[in-house]
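Down below is the structure, laid out as structure tokens.
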Ligand code: ADP
């Protein structure tokens, strides 16, 4: 240990001069070195030489592995601590281990007077070999985090001095600050390099000074190429003015946000760049970031084009829909006009003297025309649905009558096929509703018509139940059940499509177009409901639909039944069909009567007699006409033949056309005969009538008068017919003549206006579509002339236009009524009767009759 100074300076720490030299030197070294590893040997040397300590090392924290590595050693060239340096370079220390680990863990400087005697100094044997004894370590701190440790060794055993420790703490802090700055710079550099966006620094004179790798990738130029030319050279010519403005703005000190321009890439294409820039005017620099928004710009442009294209497509679709609607209205007119003639002429022909064969021919032609009209109506409905022009009416109607009348219309068809047809409407469904009764009828006719068509034996029942009731609205659920051929499951949803039938062969066997359900489904949807089906092939089908209707609060409340005399009326129901019995019991119970059902005549007689014995006789029997063992006629005769049952009244329920076969002799047995399916209102009327007291004598003349007023004595009218079609002229003339009216015909509206000016007429029948001047225009002209004169010539529109709004248009033009073609004589005369009620009041502005 007799080595000469300067490295034996055990007391060197007492001098302040060397300490300041050390601080100055380390600061200079750190400032000059790009990395800590490069700075380490010079810095360690400055400390070692300043203190006169012969060995120093720098340890760096490897945070990933949580150990300290030795990254730099300094020793004087003349002295060899190589063995110790090599061992240090090969070691790693965990927190707390050895001198570096101790400093790391405590974050405090540590002093060991003699490392060769220290229990926690793994390198002690080597230290002894090379002759190192005193040591101190100090943390390199960045804030409170240890980023490294410096250690210094002396060949003597030395105690610490506070001055030395204080000086070394300052050195440690200095190194820490350096490391912190270094890390921050590294971090920035890393982001600069990593960024997917373009980062660049530009000078106020219009050049890039630095660009990041993303700029090179984005535009395809090297950094040198990008910095070589003024950046304006890369900007799209159309964007240069805006770019100059943005640069001037930045040069004036303003931040630039979201400025977009196009830059030329090395492949000649242009990229849309979105810029954010911050100027540093003192340095004459602008720091910029740019993002490639070419994709967004092009997709926005594409979207705008798409919106434009869609708009054009929508406009042409709307035009097409309007054209389709007009085409439909015209087609409807064109088809209905000749159909009008066919139906009218066959009607007239049927009223003449014909041989049975001729009658049969014409009757068939008439029926075919009806069928054809139904198909045309269906096709028109489907087209209206497709054109979005189908609209529902909103009118008050009586629910029960509407449903029961619709079902009843098909009763004859059911009887022909020997099918039982029944209709049950739950008593809790309100009767006064608002909706479109015509369209409801159409759906019922379609479903019940199909049920009858596709059923060969058994029964078809319509069941109507209340689904939901609120103050203003009712939801009703309909169920049409049949015992027919059924529909395979796979086909059950298809049949709601237009022109679809479950089985291709059905067209041949059953006829039909496959449109009915399509229309029904659409109508039901418009009624706020839906339609669905349950069916099994060979076992029958059940079609359900729900529909919503408004409650008619303005309808007159039904008077509380005046038939209170009929309360508790004891009624026997005789029917072999269980469904019918159920329905009748429900109706009668609803009227507070006591109803007892039996299935046949034998049990009926037994029940009647037993009731007499009990002292609570039946007063009314409702019997089905056709029953398997004993029929209703025989039962009625048996009742009439039993003196104990003389007071019992019998009402016969028969299928359409059956009663007539028995002649009038049996009619005496019955208080009333009703055809099935029985309407509630009819049944109640029949029961009330059966038990009503006989009418007072003086009511008869009034009743006769009333009866006459329903079929008025026809006054002979002078009628002007404005119609361009020759066949229709002939038809209308024949109809009018048949009724005893006088008619004059003109071929267009202008002639009608002239004729009504020249001659007095009681009535005008005005076709709407005529050459030269149409019916609407002519009506307006006639009304114009009448203004202020107090006269009003009734005008009835005859039109094949049946699109929504047509009727309103006619009435708005000043017409009094509206009859649609093909003309049904009954409709025409009903309209005329409305214009000329028996009281003789002319032209009272009767409502339309269509
Ligand atoms: P159409 O009866 O005019 O053919 P629809 O649309 O009313 O048209 O009915 C479509 C098809 O659905 C019918 O052709 C038939 O195959 C089937 N279908 C409808 N109702 C029934 C039913 N009650 N029983 C069996 N099949 C039915």
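Every helix of 4 or more DSSP H residues in the chain counts as -39500 (n - 2.57), and over all residues that averages to -14000 deg cm²/dmol at 222 nm. Structural descriptor for the chain: relative contact order 6 percent, calculated from alpha carbon pairs under 8 angstrom and at least 6 residues apart. Among 183, 74, the order by Cβ neighbours within 10 angstrom, fewest to most, reads 183, 74. Measuring r between the beta carbons of residue 401 and residue 691 and using R0 = 25 Å, the FRET efficiency lands at 0.65. Listed from fewest to most Cβ neighbours within 10 Å, the set 376, 795 follows the order 376, 795. Each label point is 7 Å from the Cα along the Cα-to-Cβ direction; what then is the distance between the points at residue 207 and residue 71, in nm? Once both label points are built, they end up 3.6 nm from each other.
When you restrict to C-alpha pairs under 8 Å that are six or more residues apart and normalise by the size of the stretch 339-477, the relative contact order lands at 22 percent. Straightening the chain between residue 616 and residue 358 buys 86.9 nm, computed as 0.36 nm per residue apart minus the Cα-Cα spacing. Using the alpha-carbon positions of the chain, Rg (one decimal) and Dmax (whole number) come out as 54.1, 162 Å. DSSP finds beta bridges in the stretch 407-494, and of those with both partners inside it, around 60 percent are antiparallel.
Taking Cα atoms only, the orientation of helix 775-786 departs from the longest principal axis of the chain by about 70 degrees. Spatial offset of the stretch 55-89 relative to the stretch 406-425 amounts to 110 Å, using the alpha carbon center of each. The stretch 94-170 and the stretch 186-229 have Cα centres spaced 46 Å apart. Per residue, the average separation of C-alpha pairs within less than 8 Å and at least 6 apart gives the stretch 37-186 a relative contact order of 21 percent. Counting neighbouring Cβ atoms within 10 Å and putting the fewest first, the residues 627, 773 line up as 773, 627. Report, to the nearest 10°, how far helix 726-738 tilts away from the longest principal axis of the Cα atoms in the chain, using its own Cα long axis and a range of 0 to 90°. Between helix and principal axis, roughly 40 degrees. For the pair residue 228 and residue 191, what calculated FRET efficiency results from E = 1/(1 + (r/R0)^6), where r is the Cβ-Cβ distance and R0 = 25 Å, to the nearest 0.05? Once the sixth-power term is evaluated, E becomes 0.50. The angle between the Cα long axis of helix 36-51 and the main principal axis of the chain comes to about 30°, on a 0 to 90 degree scale. Fully extending the segment from residue 496 to residue 715, taken as 0.36 nm per residue of separation minus the present Cα-Cα distance, adds 73.7 nm. Counting only DSSP beta bridges with both residues in the chain, the antiparallel share comes to about 65 percent. In plain terms, the chain from residue 83 to residue 105 could stretch by 5.3 nm, reckoned as 0.36 nm per residue minus the Cα-Cα distance. If R0 is 45 Å, the Cβ-Cβ spacing of residue 586 and residue 368 corresponds to a FRET efficiency of close to 0.65.
Site pair residue 783 and residue 470 shows an inter-label distance of 3.9 nm when each label is modelled 7 Å from Cα along Cα→Cβ.
Values in this text are rule-based calculations from the coordinates and carry no lab data. For clarity, every value in this text was computed on a predicted model and none was experimentally measured. Methodologically, a virtual Cβ is constructed for each residue, glycine included, from the backbone with ideal geometry; neighbour enumeration extends over all protein chains shown.
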